[in-house]
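Heads up, the thing below is written out as structure tokens.
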Amino acid sequence: MTKWKAGSTLPSRSSAVMLEKHLPSTLHMFDLPLYELLGDRALPAHQVEDVITSLRQKVDMGWEWRFPGSPSGYYNALPNDSSALASRGDLWGFIAIVALVRQAEIQGDELSHLLLSMDMYRALPAALKLPWIAPSTELLQECVNSVRRRMPISAVMYDIDWPVIARHVADPNYEPGYERRIDPATRKTIEFEDPILEARLIRGNQARAQR
């Protein structure tokens, strides 16, 4: 089993085989590209590109993501529409966003890294809901934080409201990527909390006045 971080590992391959007996169709999840993408180290450009090109291809009028186990492709007008990927509410949407974050890091694209990494956290509850990932919640959070901190602008321009993420994980009605939805029973609008706490820049005179 690939290590996520020095000193911490996911369950062994033998444990994965045992898990398959209780949760069918989970064994292949232990060979996901996610584990290498979450490593706190510089990744070769070709490694990240291989992950993305294996999942995304150019089509007429846009891009199509094809995820294992999905009966059809997932169309996006833009190649890096992380909001749409987060709204899938599944592990593959999360993996695709992490891959795009690492691509932005390699390309030195600070703005893209900032925006993509925000959606990485918005997609995180979908991964943490999975029963075979839930026991490693703290480890996954640590790895995601490490990926974010690899580009300074993303490390300082927002914070994460972890209690919000915990509530989303516990909420079976949470729809990632959507700030609100209509409750079919009451027809009332339900507001979902955003776990992203964006920094606010103020003018120098205002900063002096606050001091």
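When ARG150, ARG102 are checked against the criterion of being of a type in the set (D, E, K, R), open to solvent by 20 Å² or more (accessible area, probe 1.4 Å) and out of contact with any His (no Cβ under 6 Å at 6 or more places or on another chain), ARG150 stands alone in meeting it. All of SER54, SER70 fail the test of being part of a loop (DSSP other than H, G, I, E, B) and exposed (fewer than 14 other Cβ atoms within 10 Å of the Cβ), apart from SER70. Among the residues that make up the range 20-36, is at least one of them in a helix (DSSP H, G or I), at pLDDT 90 or above, within 17 Å of the chain's Cα centre (by Cα) and over 15 Å from LEU130 (Cβ atoms)? So far as the range 20-36 goes, no, none of its residues is in a helix (DSSP H, G or I), at pLDDT 90 or above, within 17 Å of the chain's Cα centre (by Cα) and over 15 Å from LEU130 (Cβ atoms).
Flag not set for PRO176, criterion: modelled with pLDDT under 95 and either of a type in the set (A, V, I, L, M) or more than 18 Å from LEU115 (Cα to Cα) (or both).
The values are calculated or read from the model by the stated rules, or taken from the named source; none is laboratory data. Here the structure is a predicted model, which is why all the values come from computation and not from measurement. As a convention, Cβ positions derive from the backbone with ideal geometry for all residues, glycine included, and neighbour counts pool all protein chains shown. Heavy atoms of the whole protein, side chains included, go into the accessibility calculation; ligands, DNA and RNA do not. Shrake-Rupley method; radii C 1.70, N 1.55, O 1.52, S 1.80 Å.
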